[in-house]
Amino acid sequence: MTIKLFLLFSLTALGTVTGLIFSKKLTRRRRYFEELILLINNLISDFRFKQSSVCDLLSSFEAAEVKPTVNEFIRYVRGEDKELKISKLDLSEREYVFVKEMFSVLGTYDLETQVFVLDNYKLKAEEFYAAAKDKEARYGKTIVKLGFLLGLAAGIVLL
């Protein structure tokens, strides 16, 4: 009997943890676009007032989700990488293409055009953010509950 209860508890815990993992992916995706919008805002304001190079502006940006992408871009600009390689993370193909395209045009225009282009990218990033936020709100808690219930059901079936 003890083994059966332990198995039931273990499968329920495993299902809940699996649900939490999938829920965290949705949260990371939302945070990624939230931080990307913050990065774009910082770049626009810094381009207008500091007029520093893109690498200098990006190297001082501290955000957990976007930092790997920023580091990959900085390696590319410094010549350490021959090609701009950006990690896909939890992004869809469309989002990944958007992010890669945005980073590939950084620093390629004059000041006014760069600000205009970044404003347009900001609008698109806000669309992705709204979609990610909506998806997280709709499915985030549901995935955890579903994982719990599936783990519990699997435990009951195996009893």
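The values are calculated or read from the model by the stated rules, or taken from the named source; none is laboratory data. Since the structure is predicted, the reported quantities are computational estimates derived from the model, not experimental observations. FYI the Cβ positions are ideal-geometry reconstructions off the backbone, even for glycines, and counts take in every protein chain you see.
At-a-glance table
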| quantity | calculated |
| --- | --- |
| Residue in the range 2-21 that is outside any helix (DSSP H, G or I) and over 18 Å from the mean Cα position of the chain (by Cα) present | no |
| Filter pass, Arg48 being more than 30 Å from Phe148 (Cβ to Cβ), part of a helix (DSSP H, G or I) and free of Cβ contacts under 8 Å to residues at least 12 places away in the same chain | no |
| Qualifying residue in the range 38-52 (condition: at pLDDT 80 or above, closer than 18 Å to Lys100 by Cα and touching a Ser or Thr at 6+ places or on another chain (Cβ under 8 Å)) | no |
| Failed item, numbered, when Lys24 is tested on (1) free of Cβ contacts under 8 Å to residues at least 40 places away in the same chain; (2) closer than 30 Å to Tyr109 by Cα | (2) |
| Count of residues meeting criterion [among the β-branched types (Val, Ile, Thr), crowded, with 16+ Cβ neighbours inside 10 Å and closer than 18 Å to Arg138 by Cα] in the range 1-26 | 2 |
| Top-ranked residue in the range 29-49 [being in contact with a helix residue (DSSP H, G or I) (Cβ under 7 Å, 6 or more places away or on another chain) and basic (Lys, Arg); ranked as surrounded by the fewest Cβ atoms within 10 Å (Cβ to Cβ)] | Arg48 |
